[in-house]
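J.: Pasting a structure here, questions to come.
The values are calculated or read from the model by the stated rules, or taken from the named source; none is laboratory data. The structure displayed is predicted, hence computed values, not measured ones. All Cβ positions, even for glycine, are placed from backbone atoms using ideal geometry, and neighbour counts span all protein chains on display. Remember, those area values only see protein heavy atoms, side chains included, never the ligands or the DNA or RNA. Shrake-Rupley method; radii C 1.70, N 1.55, O 1.52, S 1.80 Å.
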Amino acid sequence: MRIEILDEIVFACPICNRVFETFYGLRNHFQKAAKNYCPICGKVYKNVIGHYYHKSFVDEEHAVLFGLVPTKQGKTNANKEKYKQYKEKCKQLAYEKCKRKKAQLVLDNGKRYDILEAIIVNGNIVLHCYKRYAYAHLSHRIFKIKFDNGTIEKLKKAGVKIYTNGEKELVFL
């Protein structure tokens, strides 16, 4: 097994860490994934887009989510231009925060898995990987590899989220 960091730019979902080839693909996924639920607050809202908008002024995470959702221009003419400019700012922030290099785990048999996130547990690195073009129940895999600072640095450079054992549980769907 080896880890490769490719020069390709991909976009990772801030909620499930799933990787997409295009920013448009990420926005499409996010639109379906977070219909009326805020993953940061853990609550259901009637108007989740309005919630993202109002919270985005004080919280960068909400601003990223606001930049990912498609919105209709429901503002009056006086505020329409300011709203449009702010929406573009949030969209650019979401683009920068979700962008990363493609990190893949290459098995000895040549199969490749996109690395979504890494968790450090008991001296091992547990990689949560995703195989594209597979059935949903077959697509997610967990691999354990020996702890190595070089590997951690590679993953950090690529932009993969790395957790310690207490920060995230080992439960993947």
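J.: Given the conditions (1) surrounded by 13 or more Cβ atoms within 10 Å (Cβ to Cβ); (2) modelled with pLDDT of 85 or more, report the number of the one that GLN92 does not fulfil.
T.: (1) is the only condition that GLN92 fails.
J.: Please work out which one of (1) surrounded by 13 or more Cβ atoms within 10 Å (Cβ to Cβ); (2) under 21 Å from the mean Cα position of the chain (by Cα) is the condition TYR83 fails and give its number.
T.: Condition not satisfied by TYR83: (2).
J.: Let me ask you something else. Looking for whichever is more than 29 Å from VAL126 (Cβ to Cβ) and touching a strand residue (DSSP E or B) at 6+ places or on another chain (Cβ under 8 Å) here; the options are TYR45, TYR86, TYR37. Which one fits?
T.: Of the residues listed, the single one that is more than 29 Å from VAL126 (Cβ to Cβ) and touching a strand residue (DSSP E or B) at 6+ places or on another chain (Cβ under 8 Å) is TYR45.
J.: Please state which of the following conditions ASN124 fails to meet, knowing it meets all the rest: (1) loosely packed, with under 10 Cβ neighbours inside 10 Å; (2) of a type in the set (S, T, N, Q); (3) modelled with pLDDT under 85.
T.: Against the list (1) loosely packed, with under 10 Cβ neighbours inside 10 Å; (2) of a type in the set (S, T, N, Q); (3) modelled with pLDDT under 85, ASN124 comes up short only on (1).
J.: Looking only at the range 7-21, count every residue that is part of a loop (DSSP other than H, G, I, E, B), open to solvent by 70 Å² or more (accessible area, probe 1.4 Å) and in contact with a strand residue (DSSP E or B) (Cβ under 9 Å, 6 or more places away or on another chain) and tell me the total.
T.: 2
J.: Have a look at LYS157, LYS146, LYS161, LYS101 and point out the one that is open to solvent by 30 Å² or more (accessible area, probe 1.4 Å), under 24 Å from LEU26 (Cα atoms), touching a Gly at 6+ places or on another chain (Cβ under 8 Å) and at pLDDT 80 or above.
T.: LYS101
J.: If you don't mind, there's one more thing I want to ask. From the set of residues in the range 26-70 that are assigned to a loop (DSSP other than H, G, I, E, B), over 21 Å from GLN85 (Cα atoms) and among the small types (Gly, Ala, Ser), which is most open to solvent (accessible area, probe 1.4 Å)?
T.: Only one residue fits best here, namely GLY42.
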